[in-house]
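A short reminder: the numbers here are calculations on the coordinates, not readings from a lab. This one's a predicted model, so the numbers in the text were calculated from it and none came from an experiment. Quick reminder, even Gly has a Cβ in these numbers, built from the backbone with ideal geometry, and neighbours come from all protein chains shown.
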Amino acid sequence: MRENEIRKLAAILREEDLDEIEIRGPFSSIRVARRVAVAAPASGEIVQSASSPAPAEAAAEVPVDETGAVEEAPAASFEEVVSPMVGTFYRASSPGAEPFVAVGQRVEVGEVLCIIEAMKLMNEIEAERSGIIQKVLVENAQPVEFGQPLFLLDSA
């Protein structure tokens, strides 16, 4: 992404009074966010609001200073395979079966990675790119949201 495009995103952020803008593409992503001060709760509990980034996402934030200068996030070498729907994530076809994929395994386009159960229907999620599974990001039988990362894939 070019510097002038990043500056345009920062300008939109200010003009529309947004806290952050994130754009994801097939090979890169960028997040432009304002720095927002968060007050600690009086009870000493750690609270994370829905609008604050998760710890893993915080490292990917692109700082924006008052002059509008921004830095582009470093391109990650891994691509996220995200959930196309809300449902329950299953790594295997049945409780006793071997998982469809394992960390370090090479997958090809069209190969089944997992199943997401939605409304009693089992939906096979297939690889859209070939590559090597670097990490499984969801535990078996856990609920997932639309767009939630499921796997990290090294397509190199």
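If I model a spin label as a point 7 Å beyond the Cα along the Cα-Cβ vector, how far apart are those points for E145 and E128 in nm?
Rounded to a tenth, the inter-label distance reads 1.9 nm.
Looking at segment 76-134, which trypsin sites (Lys or Arg not before Pro) are in a loop (DSSP not H, G, I, E or B) and have at most 11 other Cβ atoms within 10 Å?
Here the sparse-neighbourhood loop sites are K120.
On full extension of the chain, what length is gained from E5 through A102, given 0.36 nm per residue of separation minus the C-alpha to C-alpha distance?
Gain in length upon complete extension: 31.1 nm.
Can you give me the long-range amide H partners of S83? Hydrogens built in the peptide plane at 1.01 Å from N, cutoff under 5 Å, separation of 5 or more residues or another chain.
The answer is G147, Q148, L150.
Output ³J(HN,Hα) for segment 9-20: one whole-Hz value per residue in order, computed from phi by the Karplus curve 6.51 cos²θ - 1.76 cosθ + 1.60 with θ = phi - 60°, and x for Gly and Pro.
Each residue's phi maps through the Karplus curve to give 4, 5, 5, 4, 4, 5, 4, 8, 6, 9, 7, 7 Hz.
Taking amide H positions as placed in the peptide plane 1.01 Å from N, state which residues far from N123 in sequence (5 or more) or on other chains have amide H under 5 Å from it.
Amide H neighbours of N123: I116, E117, A118.
Considering only the other residues whose Cβ falls under 12 Å of the Cβ of C114, what net charge follows from Lys and Arg at +1 and Asp and Glu at -1?
Taking every other residue near C114 into account, the sum is -4.
Report relative contact order for segment 81-156 in percent, whole number only (criteria: Cα-Cα under 8 Å, sequence separation at least 6).
Numbers: 175 pairs, mean separation 30.4, N = 76.
Value for segment 81-156: 40 percent.
Using a 7 Å offset from Cα along Cα-Cβ at A92, what residues in segment 114-155 end up with backbone N under 13 Å from the label point?
Only 140-141 fall inside the zone, counting backbone N under 13 Å.
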